[in-house]
2 protein chains.
Amino acid sequence: MGRLSALFDPETVGVVGATDREGAVGRAILENLRGGFDGEVVPINPSRETVLGLECYPDAKSAPPIDLAVVVVPPDIVIESIRELAETGTENIVVITAGFAETGSEGAKRERRLREIAAEHDLNVVGPNSLGIMATPNGMNGSFAPQTPLEGSISFLSQSGAFITAVLDWATDEGIGFQDVVSLGNKAVLDETDFIREWDDDPATDVIIGYLEDIDDGQTFLETAREVTDETPIVLVKSGRTDAGAKAASSHTGAIAGSERAYEAGLEQAGVLRAHSVQELFDYARALAGLPEPDTDGVAVVTNAGGPGVLTTDAVGDSRLEIADFTDETVGALTEALPDEANVYNPIDAIGDADVDRFGEALDIALADSNVGSAVVVAAPTAVLSYDDLAETVIEIREIHETPVVTCLMGGKRARDADTTLREAGIPNYFDPSRAVSGLDALARFRDIHEQPTDEPETFDVDREHAHEILSRATRRDNNRLGVESMDLLEAYGISTPSGEIVDDPERAREVAKSIEGDVVMKIVSPEISHKSDIGGVKVGVATDDVYDAYEDIVARARNYQPDARIVGVQVQELIDLEAATETIVGMNRDPQFGPLLLFGLGGIFVEIIEDTSVRIAPIGEREAREMIDEIQAAPLLRGARGREPADVEGIVETIQRLSQLVTDFPSILELDINPLVAGPDGVQAIDLRLTVDTDELDTENP
Amino acid sequence: MGRLSALFDPETVGVVGATDREGAVGRAILENLRGGFDGEVVPINPSRETVLGLECYPDAKSAPPIDLAVVVVPPDIVIESIRELAETGTENIVVITAGFAETGSEGAKRERRLREIAAEHDLNVVGPNSLGIMATPNGMNGSFAPQTPLEGSISFLSQSGAFITAVLDWATDEGIGFQDVVSLGNKAVLDETDFIREWDDDPATDVIIGYLEDIDDGQTFLETAREVTDETPIVLVKSGRTDAGAKAASSHTGAIAGSERAYEAGLEQAGVLRAHSVQELFDYARALAGLPEPDTDGVAVVTNAGGPGVLTTDAVGDSRLEIADFTDETVGALTEALPDEANVYNPIDAIGDADVDRFGEALDIALADSNVGSAVVVAAPTAVLSYDDLAETVIEIREIHETPVVTCLMGGKRARDADTTLREAGIPNYFDPSRAVSGLDALARFRDIHEQPTDEPETFDVDREHAHEILSRATRRDNNRLGVESMDLLEAYGISTPSGEIVDDPERAREVAKSIEGDVVMKIVSPEISHKSDIGGVKVGVATDDVYDAYEDIVARARNYQPDARIVGVQVQELIDLEAATETIVGMNRDPQFGPLLLFGLGGIFVEIIEDTSVRIAPIGEREAREMIDEIQAAPLLRGARGREPADVEGIVETIQRLSQLVTDFPSILELDINPLVAGPDGVQAIDLRLTVDTDELDTENP
């Protein structure tokens, strides 16, 4: 168990601000704690002698030792109350009181002080502006939610207190239980990362679920979640997905909106299963909490109803799972067991007059097939089928096979008792075939997540010192946007660029051109001129003899176009054969939550019009670099579609990894685009570069 | 009311095959009818004198006149029973008996005879292999489903009987009522099209819903549904969407699988809202059955809970709706009505201590805003909020404003009574914010569907006779695949092609080239050679002087490549400047259910790699042709993205319409591809053509 376990398993809970005034939050919390908590409850309030019949203490100092304090005093005395608690040895504190960062600058100041005092005394602080925390094993409801949850193996964190009250009322009705519940509030001290780490160590937690509107430190969350999901599944609703939603979330919690694209990538890389509704959250969680994992992706469907069987099959088709191909043995056994009219191929249609025994036999045969990794039992009500008996049968057979089985006993009242029986045996029963399949799909996805080996970033041998030097030029120039003149930055990190040089006189231009085989490309280099082609600042395929004149022409055009532009010189570069090559883009920008977001796509219309790009949070290893390439729709073009010679995909994979290392080494790089990175059959080359540097940050970076 | 109304509103129902044998379907039906039907029930069975206490007649002739007969006799005497019924004047018959086309060739023969006798006597026959039919106004359950539905304004058709039993059990529990219900069975005579037509005329039906695995005659369904959805919404689950599902559906009903792409297009064009699960079906249906239509797409969200408010906003962002911008007046009024901490912009957060009055006031103010077309009330449980009172308040305020409102009172037990109250007032209450928004979205989608003017296909002035002549060449040649040699087919329908000719000697080639300005393109024309470029059968940019030699070279290469290929000649064609133009593809293939499926896309990688295409069922008008272009991801390329000159989009729109007319005029054209159709700034031209003709069909077509 982690260091937060004391939060959920205290022997004594103090309520600072306890009161018996009707309607007060301080009373609601005390009532909830007295309702079922098996430890001691200590009210603290200087103006009362007793509260709800319990002896009340004026302050923490005079009270017995407190393991966990729930603080519900007015905002202006929260800090003082916490100091007092800390001084008497209380380490775990939940701040219910609102009026902190969510209310403006005064509150923000107060929240900073809260953070400071927590750091000073090494306190575990939940909130402020929290609904509270709950733990079912000891019956503790340290919150002002009216509902104490049932016990179960799901631990639940939420950035919205209302989300908790809404979910608990519903979940209790559905018989869904929880282990620990925490309302994160403003997350001044403890945040989502702390709790997933804690619950990963908690043997009583099988699944972690949550509702989040932001993730404070995306990189730390990503690293932690990756470790947690080696063992414990995490399912999250992350709201603020859409522009409108992000705006609403930001006005709700004051969170700075990171990009949805970064969240999507970050959660995926972290191994988090993302749900988009309360229903999906629990559809996944129930399967993950109760069932073993499927060995293979083949699903058997057993039904008494053709139509619902087809719907289930569609749902399997939509998922990562597939309809299992039965072995001949299975087909033979089913043929023997079922009537002639039945369908013995998958989906198994045991037809309308199937009773429980026939259903059971079909399921038993299907689960014995090695191609079957999981099964859905789909039933429509008939006169000959008892759902209650069917539930018992499914439970028995599932136990024999150790294979995950979900059910979809369609109907209302008729299915209610069976639903309870199944739930108690850990088998989720769903109303809709598509939801049943999504439960199995979550199991298979989680299996893949934790079975996948870690994609360790490779550390290439690079010249970091030289790179720092190149970047430092930016600060000297009072210009934080760099271009082709910094191509040697890429070379320092082992990313090939065409041979060539930036020169500042025509004679030197000719010398450089002479040293290059074949014709050259010449480009104006000036920080003020960004659309070089438009002003005639680019010449492609210049013969050595023409280089001198071309130099003068390019410079003249640039001067003419923008007389005050500072002209660094002209780049004379090897001419790359673009005919057999594909132009790609490899780039990065920094997300406020997750940090460096890498981007890959094909150049031109593919990025600009089709928006066919893939992203990952850096650092990444080889597998994720390769996935970035495979994910784009146009990937077949690189792999040699339509009779083209395949591009050097391995070269792109390595370039993405090297860029990942570069932007990880230098947080000062705010944005970077290699556009194009030309991928030919025999190699890749970065042709053009733009980047933006945070010069203040750069100064703090060691070479 | 349509001619099928007698099916649902009979005075006398006969049960042919009635029995009191326990467990028999003939008994279940009789029991169901006796359970609530307010007309007369007549058992018919030659081997009984009474059944369940009712006088039983040996045959239809001796029985009193019967308006509707439910036939449940063994398959081999079904036809005879129907004949007898018809002869005594019964016009409406439901065949429950199975053992027809779903069971093999013997059954298929039986089904053909059933169809013949129905046609002969002009009978309305439901089934065979039907669960039966139901109508709630007269309490008739003429089925063997155990559940008689509640009364309501939803009429329901299903190709799966099990789907009906599953849905009714659940719907009764949820308080959802129905008008008419029909289990279509094998659809030997009456199908989905007949029932949607009937219900469109039925003032008691507000919404039509259904479950289908196939649509027999897509074109007729499309035309009928288009008319129906001018007034009555249709929501369908069409299963067999995925390859696995289509295979399962086909083994279930014996339906020939049409392509999912054609169904998708056909249902969309028909104005049908498509649901993908039982839940979605009813989420849509409940909104459509109970609520007025939104005037505008702006949605107001009123909540006491920040988190659920953000989730709702995300759901709006995902839909076609948008978060309404409140007027200054609204913001002012909300500021006055709500506490300082509340959010008076949309989503309105009335904060956690909001009681019913505050909720009501906020909703009232929001609905008065002219930018608000609909509203969602989202609530989390709190100590100060009574869901029951909130339900009453929402109902009152909604009635004042005539604006659609849905609710999402989150929770379990606590929300149950409020849910009932709201439902009875026609306001759907949803468990999840995303579902609540999807209900409003369905309303807006249906509004757009029935407000949209019909997209009448334009009839262009074409030379149909000449086209027939050109197509007829195919039959004479004993080859039903045509190519460039039939380009004049396109000309006959007003689709431009480059000038040129197919010639069979080099001298004539030179003459043709002379008559064309500039260089020419030359291509081998041979039905046996399809990859012309690969064998050197194409020469681009041939000067007039070189045409003679080029001719001989092309023919020699073709002979060399395939000595037995029949060489029609060489096409000498005007050279089209492809530099400023975009290559597009316009094509058609025939779907077994829906007929001509038009396709549009950009040439090359866009179609082959990105699969960026749009489809429509022909015939289509100008609007849909334009939509086909706008739908593809690469559309901006045609509209002048990235500094390109815009292509002649109007020319493409017209070409698609002319192709629509061509393939509608000639059902014998099985497949046709114009690839490429080159779209330049000043016009479009069809450069190459391939088509396949059904020569037997062609013979039956009049020129």
Amide H neighbours of B:I323 under 5 Å, at least 5 residues apart or on other chains, H built in the peptide plane: list them. B:V299
What does the average come to when, for each residue of peptide B:410-419, you count the partner chain Cβ atoms lying within 10 Å of its Cβ? 5
Part-to-part distance (alpha-carbon centres) for the range A:90-119 and the range B:93-160, which is given in Å: 69 Å
Between A:F144, A:S251, A:G161, whose Cα lies farthest towards the positive end of the dipole of the range A:136-293 when Lys and Arg beta carbons carry +1 and Asp and Glu beta carbons carry -1, centred on the Cα centre? A:S251
Would any residue of the range A:359-396 have its amide N under 11 Å from a label point 7 Å out along Cα→Cβ of A:T327? List them or say none. A:368-372
With contacts defined as alpha carbon pairs under 8 Å and 6 or more residues apart, what's the relative contact order of chain A in percent? 8 percent
Mind listing the label-point distances from A:D340 to the same position on all other copies, shortest first, one decimal in nm, points 7 Å along Cα→Cβ? 8.4
To two decimal places, what compactness ratio does the protein assembly as shown give when its Cα radius of gyration is scaled by 2.2 N^0.38 Å? 1.06
About the Cα centre, and with charges only on the beta carbon of Lys, Arg (+1) and Asp, Glu (-1), how big is the dipole of the protein assembly as shown? Nearest 20 debye, please. 600 debye
A correct Stokes-Einstein calculation for the range B:582-700, using the alpha-carbon Kirkwood radius, 10 °C and 1.306 mPa s, returns a whole-number D in µm² s⁻¹ of 110 µm²/s
For the range B:5-287, just say rounded, prolate or oblate: build the C-alpha gyration tensor, square-root its eigenvalues into a ≥ b ≥ c, call rounded for a/c under 1.5, and beyond that prolate if a/b exceeds b/c, oblate if not. prolate
Considering only chain B, pick the residue with its Cβ nearest the axis of the rotation onto chain A, and state the distance in whole Å. B:I610, 3
Of all the Cα-Cα pairs you can form in chain A, what percent are over 36 Å apart? 56 percent
Any chance you could give the angle, 0 to 90 degrees and rounded to 10, that helix B:356-367 forms with the longest Cα principal axis of chain B? 30 degrees
Residue-averaged beta-carbon neighbours from other chains (10 angstrom radius) around A:330-342: 0
Filter the GluC sites (Glu not before Pro) in the range A:172-239 to those in DSSP coil with at most 12 other Cβ atoms within 10 Å of their Cβ, and list the result. A:E231
Enumerate lysine pairs in chain A that are 8 or more residues apart or on different chains, then count those whose Cα atoms are under 26 Å apart. 10
Inter-chain Cβ neighbour average for residues B:155-165, partner chain, 10 Å: 5
Helix A:278-290 versus the longest principal axis of chain A: what is the Cα-based angle in degrees, 0 to 90, to the nearest 10? 70 degrees
Relative contact order, percent, the range B:582-700 [alpha-carbon distance under 8 Å, six or more residues apart]: 28 percent
Where the centroid of each part is defined by its Cα atoms, how far is the range A:304-345 from the range A:546-561 in Å? 74 Å
Ranking A:S158, A:S434 from most to least accessible area with a 1.4 Å probe gives A:S434, A:S158
Taking a label point 7 Å out from Cα toward Cβ, give me the nm distances from B:D564 to the same spot in the other copies, shortest first, one decimal. 8.0
How big is the gap, in Å, between the Cα center of the range B:22-70 and the Cα center of the range A:608-625? 69 Å
Student exercise, the range A:266-379 dipole from Lys, Arg, Asp, Glu Cβ charges, in Debye to nearest 20: 600 debye
Ranking by accessible area, most exposed first, for B:W170, B:W199 with a 1.4 Å probe: B:W170, B:W199
Can you give the Kirkwood hydrodynamic radius for the range A:499-575, in Å, rounded to one decimal and based on Cα pairs? 11.9 Å
at B:E329 the sorted inter-copy label distances (label 7 Å from Cα on Cβ side), in nanometres, are 7.7
Sort the following peptides by mean Cβ neighbour count (other Cβ atoms within 10 Å, averaged over residues), highest first: A:590-597, A:659-666. A:659-666, A:590-597
What's the angle, to the nearest 10 degrees (0 to 90), between helix A:506-515's Cα axis and the longest principal axis of chain A? 70 degrees
Accessible surface buried once B binds A (1.4 Å probe; total of both sides; Å²): 5100 Å²
Ignoring solvent entirely, what values of log10 I(q)/I(0) come out of the Debye formula for the range A:45-144 at 0.13 Å⁻¹ when each Cα is a single scatterer? -0.47
Ranked highest first by average number of other Cβ atoms within 10 Å, how do A:640-653, B:136-149 line up? B:136-149, A:640-653
Solvent-accessible area per residue, Å², over the protein assembly as shown with all protein chains present [probe radius 1.4 Å]: 39 Å²
Those residues of the range A:485-526 whose amide nitrogen sits under 14 Å from the label point placed on A:E469, 7 Å along Cα→Cβ: A:488-493
Rounded to the nearest 20 Debye, what is the dipole magnitude of chain B about its Cα centre when Lys and Arg each give +1 and Asp and Glu each give -1 at the C-beta? 2380 debye
Quick one, what does Rg over Rh come out to for the range B:291-451 if you take C-alpha atoms and the Kirkwood Rh? 0.93
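The values are calculated or read from the model by the stated rules, or taken from the named source; none is laboratory data. Quantities reported herein were computed from a predicted structural model and do not represent experimental measurements. Please note: Cβ atoms are built from the backbone with ideal geometry, for glycine as well, and neighbour counts cover all protein chains shown. Accessible surface areas use protein heavy atoms only, side chains included; no ligands, DNA or RNA. Shrake-Rupley method; radii C 1.70, N 1.55, O 1.52, S 1.80 Å.
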